[in-house]
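A short worksheet on the structure shown next.
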Amino acid sequence: MIIFDFNQVAISNLMEQIGSSKTQVEEGLVRHMILNTIRTYVKKFKESHGPEIVIACDNKNYWRREIFPHYKAGRKKAREASGHDWNTIFECLNKIREELKDHSPYKVVTVETCEADDIIATLVQKYSATQKIMILSSDKDFAQLQKFPNVEQYSPILKKFIREPLPAAHLKQMIIRGDKGDGVPNILSGDDVFVSGGRQKPITEAKIIKWMNQDAKEFCNEEMLRNYSRNETLIDLTKIPERLTGEILHTYESAIAHSKQEFLNYMIANRLKNLIEVLDDF
């Protein structure tokens, strides 16, 4: 099974293409870029990890915000500061996602309140014991899933495998340190440290090393333990609510992978001549 982290792969590739320029985003160019990226990695990995291809997509109203309202709160501000037309970018991505769902030979999975991370983690936990899984994403959060058998991760941006020899230790460090990119503070800092413009309380490497060999209850006071639990729920991909994992599996199992002829008709309709010539790569 090959699983694409759709938004992460698409946006990172798009940013690599346009850089810091204020280039106008054109739907046709975004479509070609996404399809060509999918083609590249299906061709690279379908023999070793195919034939099933899954496109895992972010939805909105993330369930993690119900637990932690500041989750990814800084993303909007960062996008506004970038100067890119994010409304157009997301309109393009959403349209192309629906096109893939309606016409491609891949299973496109999106579930209300879930992120692609939730979909990927759920499929890994369900299927990794019986088949090889390749995660296509540059997101460091997936390193923790390498504790399951037959799981690999490849970064399309770095053009290399992401290998984590100690996935359990990696996860524990992430819980302790938090994840600034997702707006999750470290365990010494309060919930609103990022949104209030404050600075996190630093954690020394010596403390990290010491705490790695202890249970959280041994090194945490009451407030730290609350923060540890907060971070564990937000970061540990085995903590996804059961009602959502059930919905993810149902959506995956009922998703339709369309025929190559249907995909060809879609390419013809969108004048994707260069990709039609390499249709077999898909």
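Rule-based calculations on the coordinates, nothing more; no lab input. Since the structure is predicted, the reported quantities are computational estimates derived from the model, not experimental observations. A quick note on method: Cβ atoms are made from the backbone with ideal geometry, for glycine too, and the neighbour counts reach across all protein chains shown.
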| message | Can you show me the helix-derived [θ] at 222 nm for the chain, built from DSSP H runs with n ≥ 4 at -39,500 (n - 2.57) apiece and divided by the number of residues, rounded to the nearest 500. | response | -15000 deg cm²/dmol
| task | Rank by packing, highest mean first: peptides 265-277, 102-114, with packing defined as the count of other Cβ atoms within 10 Å averaged across residues. | result | 102-114, 265-277
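Among DSSP bridges having both ends in the chain, what percentage is antiparallel? Round to the nearest 5.
Numbers: 3 of 17 bridges.
Close to 20 percent.
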| message | Checking the cross-link filter: which lysines have an alpha carbon closer than 17 Å to that of Lys260, excluding same-chain neighbours under 8 positions apart? | response | Lys43, Lys46, Lys101, Lys107, Lys273
| said: Let me see the P(r) profile for the range 167-235: every Cα-Cα distance counted, bins of 5 Å, each bin given as a percent of all pairs. | reply: 3, 18, 30, 29, 14, 5, 1
| What's the percent breakdown of Cα-Cα distances in the chain across 10 Å bins, shortest bin first? | 6, 26, 33, 23, 9, 2, 0
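For the range 139-282, build the convex hull from the C-alpha positions and give me its volume per residue in Å³.
Values: hull volume 29.2 nm³, N = 144.
Roughly 203 Å³ of hull volume per residue.
Highest mean first, how do 133-142, 198-207 rank when packing is the count of other Cβ atoms within 10 Å averaged over residues? Working shown, then result.
Working: 133-142: 22.6, 198-207: 11.0.
Averaged packing, sorted descending, gives the order 133-142, 198-207.
Of the listed peptides 55-64, 239-248, what is their order by residue-averaged count of other C-beta atoms within 10 Å, with the highest listed first?
On the way: 55-64: 19.4, 239-248: 15.2.
So the order, starting with the most tightly packed, is 55-64, 239-248.
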